[in-house]
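The values are calculated or read from the model by the stated rules, or taken from the named source; none is laboratory data. Note that this is a predicted model, so its numbers are computed, not measured. Don't worry about glycine lacking a Cβ; one is built from the backbone with ideal geometry, like all the others, and counts go over all protein chains shown. Just so you know, the surface numbers come from the protein's heavy atoms only, side chains and all, with ligands and any DNA or RNA stripped out. Shrake-Rupley method; radii C 1.70, N 1.55, O 1.52, S 1.80 Å.
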Amino acid sequence: GGDGGGGGDERPWREVVTATVGAVLDEWTLLQLAVENEWGGLETRQRVAELRDDLCEWATNEHAVFERDELEDALYEFVDKLNVIAEDGSVEQVARVLSALRDEVLRGHYADADK
């Protein structure tokens, strides 16, 4: 149905971003251990869900001036609140992947989304 009523804010990449961010967090062993063991208390899972939403928002928001090192700081702060010591380089790795994802999104194409 082409109603043409300015529905152009339905960004197709939001789904890709949500899926990618979800996958990155699911594969982040440290975070999953924190969730399973509730290291951050009873609302650990809820906090991680909020983190995912925040990251999706950040990745799709071209006005978010947030560099990779700031993202790293934010992630360190986050795991710190979960009583997790991240010394395995995973924070940097996650920040790197998410920054690359955001670059892709802001360029508006997914050269490697189907790999």
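The calculated FRET efficiency for D54 paired with R107, based on their beta-carbon distance and R0 = 25 Å, is about 0.70. Rolling a 1.4 Å probe across all protein chains gives R47 an accessible area of roughly 70 Å². Multiplying the residue separation of F66 and K81 by 0.36 nm and subtracting their alpha-carbon distance yields 3.4 nm.
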